[in-house]
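So the structure is just underneath, and the comments pick up after that.
The values are calculated or read from the model by the stated rules, or taken from the named source; none is laboratory data. In this text the structure is predicted, and so the values were computed from the model without any measurement. Cβ: placed from backbone, ideal geometry, glycine included. Neighbour counts: every protein chain shown.
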Amino acid sequence: MKPIFRAALAAIACACMAQFSGSASAQDAKPKHDEEAQSFVHGAPTDPSEAWTLAAGGRIYDNWWDALDRKKPASGHPSYPADGKGSGPNTWRCKECHGWDYKGRQGEYAKGDHYSGIKGIRGAQGRDPARIMAMLRAPLHGYTQEMIKDDELRRVALFVTKGQHDVDRLKDKKTGNPVGSSARGRALYQTTCAACHGFDGKLLNWGSKDDPAFIGTDSNKFPWEVLHKIRNSHTGIAMINFRALPMEDALAVLAYSRTLPRK
């Protein structure tokens with residue numbers, strides 16, 4: 001492999017570590033990319049499509065400072081509940097309160113390390129984006145212009161009102177696992193995702209040598225997080241997403257990813 005490609009893959013691996021891995025060192029890693037990718041990763045097209053806008057909003061929901069190339073908050077959110085399990089800057093992330101299934105205390109974050117007791121955003125579907133923006137600017141959320149500019153805040157508001165998917169409709173009723181065509185996913189994965197993750201999903205490891213985290217690992221451990229990233233891409237790196245494609249294609253990629261090696 002040529003040195004330039006090694007460097008590019010190393011940068012992508014570092015970026016992936018920042019969000020997927022639970023280790024402190026991984027969470028502190030700053031996503032990196034070449035200068036040529038700055039516009040694609042943090043900028044916006046002159047004539048943004050709805051698909052691009054919703055995916056961009058999904059990335060802000062995930063981690064706004066990595067999505068927008070802004071300064072990370074120095075401390076925890078002042079409105080975060082005292083009995084919540086989160087701490088520090090991560091409590092400023094939308095997903096940390098409302099979850100990857102967007103259901104907050106009614107969903108996967110009803111207990112465990114990410115419990116906050118805060119309700120989800122499912123009820124905000126279809127609301128006026130201006131109303132959502134006002135809520136995000138109000139003291140309870142407290143997002144300032146320095147953190148997220150108005151045009152950027154509108155993206156996340158549109159994601160909330162139009163970009164969510166209903167996890168309950170995407171689960172097998174007996175197993176609770178995501179549904180999807182692994183055969184279709186194999187074709188999609190091998191012609192797109194494999195460029196960065198490799199055909200076996202092990203080209204990027206955002207874990208450690210002894211405790212690896214590959215796409216197969218996280219697709220099985222954190223399927224709804226991975227689905228969110230398949231649809232909206234990972235924050236802070238030049239990653240493709242499936243937002244403009246049918247939901248069935250994103251689910252298919254997730255289904256196939258779950259068949260890949262976990263170690």
Apart from one, (1) modelled with pLDDT under 95; (2) more than 30 Å from residue 44 (Cβ to Cβ); (3) surrounded by 19 or more Cβ atoms within 10 Å (Cβ to Cβ) all hold for residue 206; the odd one out is (2)
Kindly provide the set of residues from segment 126-150 that are within 12 Å of residue 79 (Cα to Cα) and in contact with a His (Cβ under 8 Å, 6 or more places away or on another chain), ordered by number. 142
Among the residues of segment 94-120, write down those that are more than 18 Å from residue 229 (Cβ to Cβ) and of a type in the set (Asp, Glu). 113
Could you tell me how many of the residues in segment 239-249 are surrounded by fewer than 20 Cβ atoms within 10 Å (Cβ to Cβ) and assigned to a loop (DSSP other than H, G, I, E, B)? 4
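Does at least one position in segment 74-89 carry a residue that is assigned to a helix (DSSP H, G or I), outside the structural domain of residue 177 (by TED's automatic domain parsing) and surrounded by 14 or more Cβ atoms within 10 Å (Cβ to Cβ)? If you could, list the steps in order and put the result at the bottom.
Of segment 74-89, the ones assigned to a helix (DSSP H, G or I) are 88-89.
If we keep only those that are outside the structural domain of residue 177 (by TED's automatic domain parsing) as well, we get 88-89.
Subsequent filtering for residues that are surrounded by 14 or more Cβ atoms within 10 Å (Cβ to Cβ) retains 88-89.
For segment 74-89, residues assigned to a helix (DSSP H, G or I), outside the structural domain of residue 177 (by TED's automatic domain parsing) and surrounded by 14 or more Cβ atoms within 10 Å (Cβ to Cβ): present.
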Need pairs with beta-carbon distance below 6 Å; first residue at pLDDT 95 or above and buried (at least 19 other Cβ atoms within 10 Å of the Cβ) and within segment 91-112, second of a type in the set (Val, Ile, Thr) and not in a helix (DSSP H, G or I); sequence gap 6+ or separate chains. 97/118; 98/121; 102/121; 104/118
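Considering segment 30-65 alone, what residues qualify as being out of contact with any Asp or Glu (no Cβ under 7 Å at 6 or more places or on another chain) and among the hydrophobic types (A, V, I, L, M, F, W, C)? I'd like the intermediate steps shown before the answer.
To start, the set of residues in segment 30-65 that are out of contact with any Asp or Glu (no Cβ under 7 Å at 6 or more places or on another chain) comprises 30, 32-41, 43-59, 61-65.
37, 40, 41, 44, 51, 52, 54, 55, 56, 64, 65, listed by residue number.
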Conditions (1) part of a loop (DSSP other than H, G, I, E, B); (2) within 21 Å of residue 138 (Cα to Cα); number of the one not met by residue 61: (1)
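So, of the residues in segment 139-167 that are of a type in the set (D, E, K, R) and loosely packed, with under 15 Cβ neighbours inside 10 Å, which turns out to be nearest to the chain's Cα centre (by Cα)? Walk me through it before giving the result.
Residues of segment 139-167 that are of a type in the set (D, E, K, R), as a first pass: 146, 149-152, 154-155, 162, 166.
Filter once more, keeping what is loosely packed, with under 15 Cβ neighbours inside 10 Å: 146, 149-151, 166.
Working: 146: 22, 149: 20, 150: 21, 151: 20, 166: 16 Å.
Step by step, filter segment 139-167, then rank; the result is 166.
Considering only helices (runs of 4 or more DSSP H) fully contained in segment 141-231, which possess at least 3 residues that are in contact (Cβ under 8 Å) with a residue 40 or more places away in the chain and at negative phi? Don't jump to the end; show me each part of the working.
Numbers: elements: 150-158, 182-188, 194-197, 215-221.
Ranges flagged: 150-158, 182-188, 215-221.
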Would you confirm, using the coordinates I've provided, whether residue 55 is closer than 24 Å to residue 230 by Cβ and assigned to a helix (DSSP H, G or I)? yes
